1. Could you work out the relative contact order of the range 525-601? I mean the mean sequence separation of Cα pairs under 8 Å and 6+ apart, divided by the number of residues, in percent.
2. Give me the percent of the accessible area of the range 252-372 that comes from carbon and sulfur atoms, probe 1.4 Å, all protein chains in place.
3. Taking 0.36 nm per intervening residue step and subtracting the Cα-Cα distance, what contour gain separates K7 from I449 on full extension?
4. Could you work out the relative contact order of the range 107-230? I mean the mean sequence separation of Cα pairs under 8 Å and 6+ apart, divided by the number of residues, in percent.
5. So for the pair T306, E464, with labels modelled 7 Å out along Cα→Cβ, what separation do we get in nm?
6. Note down the relative contact order for the chain as a percent, whole number, built from C-alpha pairs under 8 angstrom at least six residues apart.
7. For a Förster distance of 22 Å, can you work out the FRET efficiency between the beta-carbons of L599 and K549, rounded to the nearest 0.05?
8. Using the Karplus curve 6.51 cos²θ - 1.76 cosθ + 1.60 with θ = phi - 60°, what ³J(HN,Hα) values do you get for each residue of the range 104-117, in whole Hz, with x for Gly and Pro?
Amino acid sequence: MKDFERKMLPRKSIDTETWFIECYRRHQGHPMKILISLYKGNYHKFVLAVVSFFIKHACVWVLPILTANIINDVTAHNPNTVRNIIFYTVFEGVLIMINVPMNYLYTAYKSLATRYVETGLRKALVRKLQQLSISYHVETQSGRLQSKIMRDVEAVETLSTQMFLNILNIVLNIGVALIVTGSKSKTVLVFFVFAAPIAAVTMVSFRNVMKNKNREFRKEMEETSARVMEMVELVPVTRAHALEDEEVRKISSQLFAVAEKGYQLDVVQALFGSVGWAIFQIFQVICLAFTGYLAVKGSIQVGDITLYQSYFSTVVNQVSAIVTLLPIIAKGVESVNSIGEVLLSEDVEHNEGKEKLSDVEGVFDFEEVGFHYNNSENKVLNQLNLHVEQGQTIAFVGESGAGKSTILNMVIGFHMASEGKVLLDGRDMSQIDLRTYRRYLAVVPQTSILFSGTIRENITYGCEHVTDEELAEVVRAANLTDLVESLPGGLDTAVGEHGGKLSGGQRQRIAIARALIRDPKIIVLDEATSALDSISEKMIQEAINNLVKGRTTFIVAHRLSTIRDADRIAVIADGRCVEYGTFEELMELKGEFYRMKVLQS
Ligand code: ADP
């Protein structure tokens, strides 16, 4: 793998990701220039590919000339005919033999260059996605980003191949055909120049009708596959409500719709396909008649009729290839631009040049903090003031939409205050290199996000050199001992995709263990909303208590019973802290918190 990487990299060592972003920045708005500059350092591979292509293709260009020469020799009773035939045969034979290794070289050079750009673009996109702000990710559907990394890059690769090599192929083919024809007969050249484009454009326009029908058919197929998937997912609900016949009826009508579109496609294909073919043949016949007539008149030699016949078909096919290429080029250009939108996005977290932290205590101050999301004018937080001591646990409660998660996101540094300041140990958070701060932070989100791997891997995510003793301690503190012991593979049991093989409570305790192993100074904990049975709840509560001990902790609590031990509780309403104090103090106050507590119990 390493060898291959070296082979693929450009001659001059450049940092591909930085260079690619630079290409986009320099040539903004000129997709073709961007595309060409991405290949910097790899141009020699293209030159080698072109040379290999020329040699590999020579046998195809030469064969019609040799055929014509042999016919001409035979008809002219040339005494050297036999000697010539032997020479031509050996010559063409050698060219054909060379074709195989040259085709290999051509493909290898072309592929090395295009795969390099493809990989480089994907790497640059992946890195950029890791840098883009969390707001960007929240606002952009993850599917769209995925499609940029996979589909758009693929379209750019196709564009490169088409632009640099197929167009070259076309130009060379047409060029050779026209030059040879022109050198032999100007009249035939004029005929080619007028007749070939007409033939090509007529053929392609018939093909386009087929393409449209094809598109309709594909859309109907996609629709069907989505419906079938939905139907399969719904089977338990359908069965439970005895709606099987209804479902079968719905899908059947969809299947008939597909069949109808399929039939239309078949018929149109048969009709237009044969019309296109017939047009091509008619032009061939016209060419034959025309060159035959010229031969009778003595303007051209008899053998040249076959030469023109084969070159005419080459020119027509190549011109129609150009017309077919246009949509592919348009799609590729669109993809070049679409990748640029991400690579050039300024919505990144800026950490460079900011203060790096080498230690964190965990004292927080919110001073007159106001916040609104970029996409709306509504103030989510409004003149919020809070002071949190080192090691204190502060719980936020309030109605949904009050702004609790927004506060947690500010503690993580995902959002910066629009007004006022958030201070960490007396330092303005907007002036801190957040990457250094987050080494002291652990986040336990509402829905625990596990990746497909073992329990061990999920707990030690991002931490190297964890000893077995440390891990055992964490497993104990997160109340996971019973679970781990009950599994045949212990810590090395795979959790399935997204932790699918575990219960919600178990997943959450793994997330708590993941936080514990980092031994953080600050904890951000968004309590799961899903109802748990009392045993699970007790186990999680114990794990949380172990986690928060001695650490500054921010909790969003949905079950008010779980925050009895919090040092402070802040009731958030309309982006402000409306009540603040210990559990007992707030209960005595008989205000908002008391009302919520009574409602829940
Ligand atoms: P809570 O956690 O208390 O339920 P949030 O902090 O999630 O509340 O949301 C506070 C308000 O901000 C809500 O009105 C919500 O609609 C809005 N909001 C949350 N996220 C975004 C976003 N990415 N863009 C715009 N508005 C948002």
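The values are calculated or read from the model by the stated rules, or taken from the named source; none is laboratory data. The structure displayed is predicted, hence computed values, not measured ones. Counting neighbours? That spans all protein chains shown, and the Cβs are built from the backbone with ideal geometry, glycine included. When the accessible area is computed, the model is the full protein with side chains, heavy atoms only, and any ligands, DNA or RNA have been set aside. Shrake-Rupley method; radii C 1.70, N 1.55, O 1.52, S 1.80 Å.
1. Working: 58 pairs, mean separation 17.3, N = 77.
22 percent.
2. Values: 3890 of 6140 Å².
C and S atoms contribute 63 percent here.
3. On the way: separation 442, 0.36 × 442 = 159.12 nm, distance 3.81 nm.
Gain on stretching K7 to I449: 155.3 nm.
4. Values: 22 pairs, mean separation 29.5, N = 124.
Relative contact order, the range 107-230: 24 percent.
5. 7.0
6. Working: 771 pairs, mean separation 84.8, N = 601.
RCO, the chain: 14 percent.
7. Values: r = 30 Å, r/R0 = 1.38.
So, using R0 = 22 Å, E works out to roughly 0.10.
8. So the J values, rounded to whole Hz, are 4, 4, 4, 5, 4, 5, 4, 5, 4, 5, 6, 5, 5, 5.
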